[in-house]
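The values are calculated or read from the model by the stated rules, or taken from the named source; none is laboratory data. Predicted model only: the values in this text are computed from it and were never measured. Note: ideal-geometry Cβ built from the backbone for every residue, glycine included; neighbour counts use all protein chains shown. SASA here: full protein model, heavy atoms, side chains in, ligands and nucleic acids out. Shrake-Rupley method; radii C 1.70, N 1.55, O 1.52, S 1.80 Å.
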Amino acid sequence: MSSPEYHTYDEFIDRTKALHEMRALGVDPYPPHTFKLSTSIHDLQALYEGDALSHSEEAAEGKTPEVKIAGRLVLFRPMGKNIFAQIQDEKGRLQLMFNRDLTKVEGLKEDPDNQNIPRPIKFIEKKCNLGDWLGVEGHLFRTQKGELTLFVKKMTFLCKTLLPLPDKHTGLNDKETRYRKRWLDLIANDEVRTTFLQRSRIISLIRDYFSKNKFCEVETPVLQNTYGGAAAKPFTTHLNALDQDMFLRISLEIPLKKLLVGGLERVYEIGKVFRNEGIDRTHNPEFTMVEAYAAYWDYNDMMAFVENLYERIALDLFNDTKVPYETSEGLIQIDMKAPWKRLSMKDSIKEYASIDVDSFDDDALRKIISEKTKLDLSEIKKAPRGILISMLFEELVEHHLMQPHHITDHPIETTPLCKPHRDPEERRAGIVERFESFIATSEACNAYSELNDPELQRRLLEDQAAKKDAGDEEASPLDEEFIEAICQGMPPAGGVGIGIDRLVMLFTKAASIRDVLFFPLMRPSNADKVETAPDLTKS
């Protein structure tokens, strides 16, 4: 088997040589033991913020606070009898000072008469490289400039690196490399690490919100015999044990509704769904959703539930309901304060596109769409009225919805799993009790008063199956097991699906969904190519 290209790099060769020399001197570059920390860098800096502490002489004598921390070496400057450095952990950086007389190295033999054994300070200078993971113990002090610093009495190698970090001056700027090799991106860019810590925080807030509203978190299968719950082309795989094709789920909806039938009144799931479709700024074929269903609710209850969730996240992250958001025209404030503006789909078209759809027949709507949009004429000609209304909304209204909006009362043609409208006139017009929430011109969630009429459910799903048989790759097959469950009685319920990735994009000002996914889908690349830069240890 051939060696990867990076084995020929000077940096790899030099660091590998240093690795072998370390072992010969008794220093284990990958020790098998744990390293017990007394604190983190972030907590340490918070604890001593505003504390004058003492000078380095007091630290040398052990008269200042003693700590034990660890991190990755990110800066290194020899200065006479001392070496100043910085280590970085998950949330912060701390300056270190290694001293010629008092700093020891774990495992390094000490024999002043043996010229082959370097003094600890020389060992650190010659064998440490940027990127190495170090454990350090010592005493705190402040420099003359007031910087919190650790006078290192003992250093332990935790992991020797064989490849260098990205250049500390130019950083890691290539987008493809940043997405493909996220570990480098996290090392090089503090704001990226902050984004993903925010993502974790947001998901915790979502779970806490659902829990406080008495929802039960559940897990349902990713592999399914029949897919449904959304208009999407699935990914197909093969299960060898049963010799049958399976589908990766395109939605969480169907199994969660079966749990309502089973008597669980409020359920939700946070999980991955998979749709074999395009990739763009807001779409990745693999993404994370939260779906929730509450018995005895309707779409009005869900509207209040959703807007209160977003408001709560904003208050927790920003201590304000206003969220900063970058647009092509500059930074604006998006106000999450509940209640949000509510418009029916028809009223939104009237307000933002000045078109009263009820004043036009189907042919007139087709003419308007062909004149005002670039949609395919063949698609316009064959679309039923409900889809024509949806086309007008998507093309002429969505880009106006910067501040939070609930767009309610959608045509039934767009929504096969939703309850018909309670208003008789709207019901006759084919309107269902669905809303989509829009923020920053993007869909934030999709919610229904859930359909629990098994006869209507069958007719609508049969329509979907017919479309699939006619060649519509995004239509779903008939799911007899789901209809059977509905026949056994599902209570009236409100349901909602929220894209976690888009939600995180909004609250972190991310320009692309790839910026909030640790490892977004990428084309295969040359696996041997290593995107690193020259080591700056001695700079």
Residues located in the stretch 263-311, provided they are in a helix (DSSP H, G or I) and either out of contact with any strand residue (DSSP E or B) (no Cβ under 6 Å at 6 or more places or on another chain) or more than 19 Å from P491 (Cβ to Cβ) (or both): N300, M303, A304, F305, V306, E307, N308, L309, Y310, E311
Test set (1) touching a Leu at 6+ places or on another chain (Cβ under 6 Å); (2) assigned to a loop (DSSP other than H, G, I, E, B) - T161 fails condition number: (1)
Candidates L451, L456, L401, L417, filtered to the one that is farther than 21 Å from V306 by Cα and among the hydrophobic types (A, V, I, L, M, F, W, C): L456
Number of the exception - E480 against (1) of a type outside the set (A, V, I, L, M); (2) in contact (Cβ under 8 Å) with a residue 40 or more places away in the chain; (3) open to solvent by 30 Å² or more (accessible area, probe 1.4 Å): (2)
Of all residues making up the stretch 388-416, the number that are modelled with pLDDT under 95 and open to solvent by less than 50 Å² (accessible area, probe 1.4 Å): 4
Breaking point among (1) touching a residue at least 60 places away in the same chain (Cβ under 8 Å); (2) of a type outside the set (A, V, I, L, M, F, W, C); (3) surrounded by fewer than 18 Cβ atoms within 10 Å (Cβ to Cβ); (4) in a loop (DSSP other than H, G, I, E, B), for E21: (4)
For K126: the one exception among (1) at pLDDT 95 or above; (2) within 41 Å of the chain's Cα centre (by Cα): (1)
Identity of the residue in the stretch 484-539, basic (K, R) and over 10 Å from the mean Cα position of the chain (by Cα), that ends up modelled with the lowest pLDDT: K538
Residue check for G26: over 21 Å from T156 (Cα atoms), of a type in the set (G, A, S), open to solvent by 30 Å² or more (accessible area, probe 1.4 Å) and out of contact with any strand residue (DSSP E or B) (no Cβ under 9 Å at 6 or more places or on another chain): no
Filtered residues of the stretch 316-329 (kept if open to solvent by 80 Å² or more (accessible area, probe 1.4 Å) and at pLDDT 95 or above): N319, K322
